[in-house]
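> Take this structure first; my questions come after.
The values are calculated or read from the model by the stated rules, or taken from the named source; none is laboratory data. Owing to the predicted nature of the structure, the values given are computational and were not obtained by experimental measurement. Here the Cβ positions follow ideal geometry from the backbone for every residue, glycine too, while neighbour counts run over all protein chains shown.
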């Protein structure tokens, strides 16, 4: 049997404690086996590269494209070489664990004493790895839709303590992306780690799990949701502030406090969060925690609508249609209804249909009115069903069909639409 390098026993003990956390599991075990025999870096070229070359090399290592290099004269025994290849395997059942590696190496070199008086060779120091550099590579892989590489790299950086990577790998587990199977327990585990490391995005998601319940993994607990959303809100994270405001508004997990709700909505709205801007506008519209103020309603609805929020675009259209906080402007009302309708908002579709049916803000067109009512009705919107029923009952924009008219009106009635009930009564009498 060939003689191993001096200091093997010491190297065994030292490398058991010093795991190369910058490569994934197969590479780490192969690196261990390589280091034990050669006492040299498995990637000697790493220290000679510039930043760009270093990034490319690390990406190849982490994605499994690059194997360690055996230096000339290493004379690695064939059994040890086979062991190293097993360590490299992408199949988990083929890869030996560290106890097995140690056991097999001891069998290969039975005469090496555990206490080795030979002076230790110059220790190999793993090159310092820039976590942000690896994180950037993981982001790049994800943006390139290389989810296998992204999942592997996010996992490694997460183990190095990066909160962002912990949140990302939680997302990958939650959705079964890359090489990971969907695992909600693991997702919860990593979201919790990231949240405990004060990563606000993870705190918001974890709060959602507790607020709504998360399959069979997390029971519904609004108070726990409030705890996490408050931690995110205190970091000035707008989504956390808005969600905390919702809790104070609903009295979920905390005592209801409309003043507090408005205060948190205001903080998030000031940061440009469309949902918070709508919520703040709704508070001014209804006098929740603040005095009613139609000017403020239009101001905050307008800011949210400008960001493309379909719900608020529809609400803003109603403001211009009825003159709530602004002068009546039917053309502008129709414009906002259209923006909402084209995004698939059922209310906006119904209101745009009404514009075409009445000729207010647009040229009268009964066919287009019926088409928009149809889109709204198909989403189960009771006003859309009622208006489309009226179209069929009168032959407005569609062929007259009393059977369809009655069926649509009854659908709306089931949802509590009193106008549909009145219309059906008139239809029966005619």
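> As an exercise: evaluate residue 198 against (1) in a loop (DSSP other than H, G, I, E, B); (2) touching a strand residue (DSSP E or B) at 6+ places or on another chain (Cβ under 6 Å) and give the number of the one condition it does not meet.
Against the list (1) in a loop (DSSP other than H, G, I, E, B); (2) touching a strand residue (DSSP E or B) at 6+ places or on another chain (Cβ under 6 Å), residue 198 comes up short only on (2).
> Go through the range 321-365 and count every residue that is modelled with pLDDT of 95 or more and under 22 Å from residue 269 (Cα atoms).
Selection size over the range 321-365: 3.
> Hey, does the range 199-216 have a residue that's modelled with pLDDT under 95, farther than 21 Å from residue 283 by Cβ and buried (at least 17 other Cβ atoms within 10 Å of the Cβ)?
Yes.
> Just to be sure before I move on: is residue 167 part of a helix (DSSP H, G or I) and either in contact (Cβ under 8 Å) with a residue 40 or more places away in the chain or in contact with a strand residue (DSSP E or B) (Cβ under 9 Å, 6 or more places away or on another chain) (or both) in the structure I sent?
no
> For residue 385, work out the one condition from (1) buried (at least 22 other Cβ atoms within 10 Å of the Cβ); (2) farther than 21 Å from residue 342 by Cα it doesn't fulfil.
In the conditions (1) buried (at least 22 other Cβ atoms within 10 Å of the Cβ); (2) farther than 21 Å from residue 342 by Cα, residue 385 misses (2) alone.
> When you go through (1) under 25 Å from residue 359 (Cα atoms); (2) under 44 Å from the mean Cα position of the chain (by Cα) one by one for residue 427, which number turns out not to apply?
Against the list (1) under 25 Å from residue 359 (Cα atoms); (2) under 44 Å from the mean Cα position of the chain (by Cα), residue 427 comes up short only on (2).
> Taking into account only those residues within the range 178-187 that are over 13 Å from the mean Cα position of the chain (by Cα) and in a helix (DSSP H, G or I), which is surrounded by the fewest Cβ atoms within 10 Å (Cβ to Cβ)?
185
> Still on this structure: Among the residues of the range 325-353, count how many are buried (at least 17 other Cβ atoms within 10 Å of the Cβ) and not in a helix (DSSP H, G or I).
3
> Report yes if residue 244 is part of a helix (DSSP H, G or I) and over 25 Å from residue 202 (Cα atoms), otherwise no.
no
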